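Readers should treat all values here as calculations from the given coordinates under stated rules, not as data from a laboratory. Predicted, not measured: the structure shown is a model, and the values here were computed from it. Every residue, glycine among them, receives a Cβ derived from its backbone with ideal geometry; neighbour counts consider all protein chains shown.
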Amino acid sequence: MTILDSAGRGPAEEGRASGGVGFLAALLLPVLSLLLLPVSGTAQASGPSSDPGAYAHRAATASAAPAAVTLPGQSPDFLFRRPAVSVGVRAGLFQWRAQGQLYDFTVEQFTADRSDFRGGDLGLEVGLWPSDRWGITLGVDGTSTTLNTEHRLWEEVDGTPIFQSTRLRQGPTGSLGVRGYLLPRGEQLSRFAWVPARAAPFVSGGLGFTSYAFEQEGDFVEETDEGTFIFGEQFESRGSSFVSWLGGGAEVSLTPRLALTLEGRYQWGEDDQGGDFRSFEPIDLSGLRLTAGLSVRF
């Protein structure tokens, strides 16, 4: 008795069908393997790896990248390394101490006070910073003042004042100094990030070399046995001298590269006079310099 399936096939036909399917599977299996092999390889390469060396390589690559990221067009609030050089300009006031025979003569004879011997100061400075706690400064400054005065004791016959002008110049003054910071200028967060301190107070000191000129021009009075005479003349004394100074101040960060520097220095110096004032005592070149400046860090 022959049993037919629902398709009306007998055992012989079913056997032939099974054999055909097996033959077809045996034929297609190698082809499918070749087609699926690249896909399987790609998936395995992008997935987890059992090789410890691969993980070590990825970890080293990730740690070598900077942790801080800035958006395009945005300035970072740090520098990628501690700055080693700064270049700046400064301006301010120089107040001469104005002591000694030359200043005594000027104050006694003419309508001038010692506090009038002050003038504007302009300077340039380059800083070299081997450390966050100290640095070396190279600077050049110049200052001058002009006093227009009258004779205190005498006047013209018609009552007109007797006028004269006193000019005092000091500079260019070259200086070599050392600056020590009471607090660090910044903090090294990593190998790729240096953040400047908001404010860093410092003390400073150094040596310098300056030139100077003292000039008086106008009408002067001479008293002799024959009488008192008024004459016009110009007197001057020029020279150069070493100076020393001590100071202090603070460096205020405006941006990571730009800083505002506020400093006060007291300078000491004097020199033997020549020219028309050679008979006077040495001229006093001491005084107080107060400046504010902007510097760029590199």
Report summary line: Candidate cut points under GluC sites (Glu not before Pro) in the stretch 94-181, DSSP loop plus at most 13 other Cβ atoms within 10 Å of their own Cβ, are GLU156
**Report entry** Linear extension gain, GLN101 paired with LEU290, 0.36 nm per residue minus alpha-carbon span
**Finding:** 65.5 nm
Requested in this report: Just subtract the alpha-carbon distance of ARG169 and GLU236 from 0.36 nm times their residue separation and send over the number in nm, one decimal.
Outcome: 23.0 nm
Report summary line: FRET efficiency (GLU281, VAL89; Cβ distance; R0 35 Å; to 0.05) is 0.45
Query raised in the report: Using just the C-alpha positions of the stretch 89-231 as equal point scatterers, what log10 of I(q)/I(0) does the Debye formula give at each q in 0.08, 0.10, 0.18 1/Å?
Result: -0.40, -0.55, -1.05
Requested in this report: Could you list the trypsin sites (Lys or Arg not before Pro) in the stretch 191-298 that lie in coil according to DSSP, counting only those with at most 13 other Cβ atoms within 10 Å of their Cβ?
Outcome: ARG191, ARG198, ARG278
Query raised in the report: Between LEU189 and LEU128, 0.36 nm times their residue separation minus their Cα-Cα distance comes to what?
Result: 19.8 nm
